[in-house]
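Visitor: Below you'll find the structure I mean.
The values are calculated or read from the model by the stated rules, or taken from the named source; none is laboratory data. From a predicted model like this one, the values you see are computed outputs, not experimental measurements. FYI the Cβ positions are ideal-geometry reconstructions off the backbone, even for glycines, and counts take in every protein chain you see. What goes into the accessible areas is simple: the full protein's heavy atoms, side chains included, and nothing from ligands, DNA or RNA. Shrake-Rupley method; radii C 1.70, N 1.55, O 1.52, S 1.80 Å.
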Amino acid sequence: GDRLYLLGAPTADLLGSAHREAGFSAGRPAVPAPNFAAARAEIGAVLDLVEAGLVAAAHDVSDGGLAAALAEMVLGLDWQRRLGARVTLPADLAELTLREALFSEAGGFVVAVAPERAAEAERILAAAGAWWRPLGEVTAEPRLEVARADAPRARVAVDLADLAAAWRRTLPELW
């Protein structure tokens, strides 16, 4: 399936995040410091990939962090066939807890690129000057799986039907 890339490094600063607002405790009680140069490089990298015709899908990492971005990508639109994803968090994020890595709202993007164009995409990403890492791949299996590079057997996995049901159930409760 398509290759997934993460642009923009998560941080442990979770104050003000949807995760903390939901009542969970994780990360440092600080708001991520804005890094305009990093944001400019990340946006530029995504634009370069789009202009080269390489982006099959893209999502911002914002409210809810990487976890929400991945969930929204695999759930797609109601009438679309749902595809899963197998994700391994990059090794250089090992200093973050799983919650910090998944729920950081420091910004960034997740992009999907066809496997036959991955090398071209990686050249563009390297030239853009943004922090980026390979994240995983899209799968035909309707499941979202997330593991850490330093503990690949400790995998979080959820079936998309369960994820979609939780998504639909939660939205009315919030509004």
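Visitor: Along the positive direction of the dipole of the chain (beta-carbon charges: Lys, Arg +1; Asp, Glu -1; about the Cα centre), which of Pro90, Ala126, Val50 reaches farthest?
Guide: The residue sitting farthest along the positive end of the dipole is Pro90.
Visitor: Along the charge dipole of the range 47-114, Cβ charges K/R +1 and D/E -1, which of Leu102, Gly65, Ala114 sits furthest on the positive end?
Guide: Ala114
Visitor: Run the accessible area of the range 75-175 with a 1.4 Å probe and give the carbon-and-sulfur part as a rounded percent. All intermediate terms of the calculation are to be shown ahead of the outcome.
Guide: Numbers: 3350 of 5880 Å².
The C+S portion of the solvent-accessible surface of the range 75-175 is 57 percent.
Visitor: Still on this model: Run the dipole for the chain about the Cα centre, Lys and Arg Cβ at +1, Asp and Glu Cβ at -1, nothing else charged, and hand back the magnitude in debye, nearest 20. Don't jump to the answer; show the numbers that get you there.
Guide: Numbers: 17 positive and 24 negative charges, 63 e Å.
Value, rounded to 20: 300 debye.
Visitor: Rank by packing, highest mean first: peptides 52-59, 149-156, with packing defined as the count of other Cβ atoms within 10 Å averaged across residues.
Guide: Details: 52-59: 15.8, 149-156: 11.0.
Top to bottom by mean Cβ count within 10 Å: 52-59, 149-156.
Visitor: Find the accessible area per residue for the chain; the probe is 1.4 Å, ligands and nucleic acids are left out, and the unit is Å².
Guide: Solvent-accessible surface per residue comes out at 54 Å².
Visitor: If you don't mind, there's one more thing I want to ask. Is there a quick way to get the dipole size of the range 46-114? I mean about its Cα centre, with the Cβ of Lys and Arg at +1 and of Asp and Glu at -1; what is the value in debye to the nearest 20?
Guide: Details: 4 positive and 10 negative charges, 84 e Å.
Once rounded to the nearest 20, the dipole reads 400 debye.
Visitor: Right, another one. Using the 2.2 N^0.38 Å rule of thumb for compact globular proteins, work out how the chain stacks up: its C-alpha Rg over that value, please. Spell out each step's value before the answer.
Guide: Numbers: Rg = 15.7 Å, N = 175, 2.2 N^0.38 = 15.7 Å.
That works out to 1.00 for the chain.
Visitor: Is the C-alpha gyration tensor of the range 83-138 telling us rounded, prolate or oblate? Criteria: a/c under 1.5 is rounded; beyond that, a/b larger than b/c is prolate, otherwise oblate. Each step should come with its number before you reach the end.
Guide: Values: a/c = 2.12, a/b = 1.40, b/c = 1.52.
Oblate shape, in that a/c is at least 1.5 and b/c is the bigger or equal ratio.
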